[in-house]
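The values are calculated or read from the model by the stated rules, or taken from the named source; none is laboratory data. It should be emphasised that the depicted structure is a prediction, and the values quoted were computed from it without experimental measurement. Cβ coordinates were reconstructed from backbone atoms using ideal geometry, including for glycine residues, and neighbour counts include every protein chain displayed. Accessible surface is based on the protein model in full, side chains and every heavy atom, while ligands, DNA and RNA are left aside. Shrake-Rupley method; radii C 1.70, N 1.55, O 1.52, S 1.80 Å.
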Amino acid sequence: MILFQLSILAALVGNIILGLLVFGTNTRRASNRGFLILSGILTVWLVCLGFGSMSRNTGHAEVWIRLSSITAALIPTGFNILRWSILRQKAAWREIFFGSRIWFLVYLPLAMLCLTDFCLQYVVMPGPDAVPKPIYGHGFLVYSSYLVVSTLILVAAFFRHLQKAIGVQR
């Protein structure tokens, strides 16, 4: 195992433990459930990264890299679900997911983009004990732009809601 794979394994174990510990402190609290959802998304992403880095042929590596990209695109949606669950402690999950509907609607075409050669053209296998190297197409600019813009939107929403928050929320 190379250092990259060890770091993924350590992050995976830490993420699972942290997600379950936070959820276990109060399983009925909406924010703990939101954190568990985010931890689940991060866990799937780390698993995809791990299997992708251990692939020994280009076909398997390409599948895992695509799945990793699809899952990574869901991470901002997971953060938004966590944000909504903190803001609306008493809200039903239907309302929380409804509040994230725009994120889901933007995510779906982006996930489809990850499945195309326009996003990931091919994978190069550099040799033994090396991580497969993805060669991205022009669609990766759209994907990267989504990640940057969604991060900026979430940070702005965080600061906007932090100003309004009182008590435990703050």
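What number of residues in region 50-76 are within 19 Å of P128 (Cβ to Cβ) and either in a helix (DSSP H, G or I) or aromatic (F, W, Y) (or both)?
Initially, region 50-76 is screened for residues within 19 Å of P128 (Cβ to Cβ), giving 50-62, 64-65.
If we keep only those that are either in a helix (DSSP H, G or I) or aromatic (F, W, Y) (or both) as well, we get 50-54, 58-62, 64-65.
Of the residues in region 50-76, 12 are within 19 Å of P128 (Cβ to Cβ) and either in a helix (DSSP H, G or I) or aromatic (F, W, Y) (or both).
Residues that are among the acidic types (D, E), out of contact with any Phe, Trp or Tyr (no Cβ under 7 Å at 6 or more places or on another chain) and part of a helix (DSSP H, G or I) occur at least once in region 83-99. Number of residues in region 143-168 that are over 29 Å from L6 (Cα atoms) and open to solvent by 80 Å² or more (accessible area, probe 1.4 Å): the value is 9. Among the residues of region 127-146, at least one is closer than 23 Å to L49 by Cβ and of a type in the set (K, R). For region 44-73, filtered to residues that are hydroxyl-bearing (S, T, Y) and open to solvent by less than 30 Å² (accessible area, probe 1.4 Å), the residue that is farthest from Q89 (Cα to Cα) is S55. For region 123-139, taking the residues that are without any contact (Cβ under 8 Å) to a residue 40 or more places away in the chain and touching a Pro at 6+ places or on another chain (Cβ under 9 Å), the one that is surrounded by the fewest Cβ atoms within 10 Å (Cβ to Cβ) is identified as P126. If I filter region 91-122 down to residues being touching a residue at least 60 places away in the same chain (Cβ under 8 Å) and more than 20 Å from G52 (Cα to Cα), which single residue comes out as surrounded by the most Cβ atoms within 10 Å (Cβ to Cβ)? That would be I96.
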